[in-house]
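Structure first, then comments.
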Amino acid sequence: MFMPRFSQSASRLATDNDDLWEVHTEALTRKDEGEDIIVMSVGDPDLPTIDPIIEHAVTSLYRGRTHYSPGMGELPLREKIAEIETAASGKPTSPDEVVVFPGATNAVFSVLSCLLDSDHQMIVTEPTYVGYQGIFRSIGAEIVKVPTIAADAFRIDVEAIVDAITPATRVLLLNTPGNPSGRVMSEEELRYLADVTRERDIWLVCDEVYSMLSFEKPHISARRAATSLENVIIIDGLSKSHAMTGWRLGWVVAEPHAIGPILDFTSATVFGCSQFIQDAAAFALENDAEYIASIKEEYRKRRDYALERIEQLPGISCHCPDAGMFLMLNVSAIAQDGSSFARQLLDEAKVSVLPGIGFGEQTKDYVRFSLTHGVEVLGEAFDRLERFLRGHR
Ligand SMILES: Cc1ncc(COP(=O)(O)O)c(C=O)c1O
């Protein structure tokens, strides 16, 4: 009889993660079956991709842009990204320093695969974006988690990061603006970490997928903050800013010496992204000034509405995020932990939120609440939350 045997990487990936998504998955199923569930547990924007971008992709398809594309990505798109990154960093960025990927997730996986072996260490800050977990397990390097300062709106503890560095550290992975914290790192914090890591031959990889969704405090790119870009690699994409999660479009910006291995990796595994999607992405980035302003305003409005409601609620608290589409609700005063709160909230109030434990131990008493509905639906979600909380007092 055939005995199925799998690689260590596949076995590591098979680790059971069902508990984390249990409430979310059940919420989606029950909603599909017709139940009146409000899903606040996902990071997929409710807003549609706007028509001009869709029309551009369709025209591109009819123009025959359906063939293989260069491993680096199409030049007009890389030129546009280089222009944006030049403006974001204040440092000249060439299209030869840009590689296009089918989404930031693939970009993170590809970059980390090029930098880490299983006997290396990577430092990450906690709370950590839940979607990294599979990537980390697949790569197999030791993940060293450095908690942020939860009481100070999840401020990154730069000294704790430096203290965590060992001779085995190869990568510091940052995420600013952060998911789920909504925290925007300051230029000083980033510069300090960029300098320390460069001195110690450590890569600084910075996931900046919420870069275009910051509110009062502007997003600072690690490339702007760093004095030297030798060890700095940034990742960004269109999923969040342009409500284009399903299009799968992200990018990496790095110095030419890092581009070679990254290009080899993506050429071997992806073999070029879809031409028509890259055409639409270039069009989106060229014509998005008004759109980005309006989408930012929409998320800011939702955030402010939600914070106003939370202030009136008994037993839960929340800091004001600088950016992004999430709120972290601290439920320690009224629930055993975030997981039991999420379970009860779905059962009793038909609202789904994500238990904070998915982002690390530090947030086990939190739930993540996504701002992926307009104020009207948010209003109903908060009415339900309020009834639930008052009922439990
Ligand atoms: C921090 C962070 N990085 C990456 C991603 C995934 O981006 P993409 O859709 O481009 O793969 C997400 C999605 O939630 C995220 O929050």
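Observations, loosely collected:
- Packing-based ranking, highest mean first, of 122-129, 257-264, 73-80 given that Cβ atoms within 10 Å are counted: 122-129, 73-80, 257-264
- Dipole moment magnitude, nearest 20 debye, the range 51-287 about Cα centre, only Lys, Arg, Asp, Glu C-beta charged: 480
- Taking the C-alpha atoms only, the angle from helix 187-199 to the longest principal axis of the chain is near 50 degrees.
- Rounded to 10°, Cα long-axis angle of helix 289-311 versus longest principal axis of the chain: 30
- Among ASN179, ASN231, ASN287, the largest mean-square fluctuation in a Gaussian network model of the chain (Cα springs under 10 Å) belongs to ASN287.
- Once the Cα atoms are used to define both axes, helix 338-349 deviates from the longest principal axis of the chain by about 60 degrees.
- Residue-averaged 222 nm ellipticity for the chain, from DSSP H runs of 4+ at -39500 (n - 2.57), nearest 500: -13500 deg cm²/dmol
- Net charge of Cβ neighbours under 12 Å - reference SER214; Lys, Arg +1; Asp, Glu -1: +3
- Accessible area per residue, Å², the chain with all protein chains present, probe 1.4 Å: 43
- Highest-first arrangement of 355-363, 138-146, 59-67, where packing means the average Cβ count within 10 Å: 355-363, 138-146, 59-67
- Exceeding the 24 Å Cα-Cα cut-off - candidates LYS217/LYS240; LYS145/LYS217; LYS145/LYS364; LYS240/LYS301; LYS217/LYS301: LYS145/LYS217
- Computed E for TYR62/THR25 - FRET, C-beta separation, R0 35 angstrom, nearest 0.05: 0.40
- Using the Cβ-Cβ distance between HIS120 and ILE292 with R0 = 22 Å, the FRET efficiency computed as 1/(1 + (r/R0)^6) comes to roughly 0.05.
- Normalising the average separation of contacting C-alpha pairs (under 8 angstrom, six or more residues apart) by the number of residues puts the relative contact order of the range 51-287 at 30 percent.
- FRET efficiency for GLU308 and ARG5, using Cβ-Cβ distance with R0 set to 51 Å, rounded to 0.05: 0.35
- Listed by chain and number, the lysines placed with their C-alpha closer than 17 angstrom to that of LYS80 are LYS91; residues fewer than eight positions away on the same chain are left out.
- In straight-distance terms, cross-link reach from LYS296 covers every one of the aspartates and glutamates whose alpha-carbon lies under 16 Å from its own, apart from those fewer than eight places away in the same chain; here that gives ASP44, ASP46, GLU208, GLU216, ASP288, ASP304, ASP322.
- Rounded percent of accessible protein surface that carbon and sulfur make up, the range 51-287, 1.4 Å probe: 53
- Residue of VAL377, VAL42, VAL331 that the Gaussian network model of the chain assigns the largest fluctuation, springs spanning Cα pairs under 10 Å: VAL377
The values are calculated or read from the model by the stated rules, or taken from the named source; none is laboratory data. This structure is a prediction, so every number in the text was calculated from the model and none was measured. With ideal geometry, Cβ positions are generated from the backbone for all residues, glycine too; neighbour counts draw on all protein chains shown. The accessibility values were calculated without ligands, DNA or RNA, using every heavy atom of the protein model including side chains. Shrake-Rupley method; radii C 1.70, N 1.55, O 1.52, S 1.80 Å.
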